[in-house]
Amino acid sequence: MVATDCYRIGNVKIGVMAIQGDFRDHKQMLESLGVEAVEVRLPKHLEGLAGLIVPGGESTTIGMLAREYGLERAVRERIQEGSLAVWGTCAGAIWLAKEIPQYPDQPRLGNLNIVVQRNAYGRQVDSFEEDLQIKGLDKPFHAFFIRAPVILRVGEGVEVLAKHHDEIVLVQSGKLLAGTFHPELTLDSRIHQLFVQLASS
């Protein structure tokens, strides 16, 4: 990922999948950067988008609704064309993952070569905050982990951008980005800026 000192917004348009989960905070963060943010519920809403954020929420519900509404197929096609950057946060990272060993039949996009464990830290009461060193950022990022998954393994072509102790929490593969925490709950927009750059590239 590119560093924030090179950041330019331009006329990029970013979508936020708005079928379930914490999509409003992502949208507000994008708008605070001057980025045009679009709520995505159907394949037609992907038109003209350079990037798509898939928010935290309930990963099974997101997967089922994305399949039912035709978004799974439409997003996969856009990724294969190379015309869409996608960033999954928390449940969104699960939706992107190639493998979910606990739930092998869970509906998902599956385009990112990672293995994910759902609810790796326990229940809601086991949520926590942590400062992370993230590749491409000059200062630590204060991250919120809420019923968070963990990325157990990464496959070929996947770069690890951040770890919490020894656990992988942020990765990138081409125009795909996945993180297990909630950057939209902070006032720190740097990861959103990096994603806008990635979508614009």
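Remarks
- Fewest-first ranking of Ser189, Ser32, using other Cβ atoms within 10 Å as the exposure measure: Ser32, Ser189
- Loop-located trypsin sites (Lys or Arg not before Pro) in segment 115-201 whose Cβ has at most 13 other Cβ within 10 Å (DSSP): Arg123, Lys135
- As a proxy for reagent exposure, Leu96, Leu33, Leu42, Leu187 were ordered by neighbouring Cβ count within 10 angstrom, fewest first; the result is Leu187, Leu42, Leu33, Leu96.
- Across all C-alpha atoms in the chain, the radius of gyration and Dmax reach 15.1, 42 Å.
- Arranged from fewest to most other beta-carbon atoms within 10 Å of their beta carbon, Ser201, Ser173 become Ser201, Ser173.
- Shown for the chain: lysine pairs separated by 8 or more places, or found on different chains, whose C-alpha atoms are under 16 Å apart, numbering 7.
- In a DSSP loop and with at most 10 other Cβ atoms within 10 Å, the GluC sites (Glu not before Pro) in segment 117-187 are Glu156.
Since every read-out is calculated from the coordinates, none of them should be taken as a lab result. Note that the coordinates shown come from a computational prediction; the quantities given were computed from them, not determined experimentally. A quick note on method: Cβ atoms are made from the backbone with ideal geometry, for glycine too, and the neighbour counts reach across all protein chains shown.
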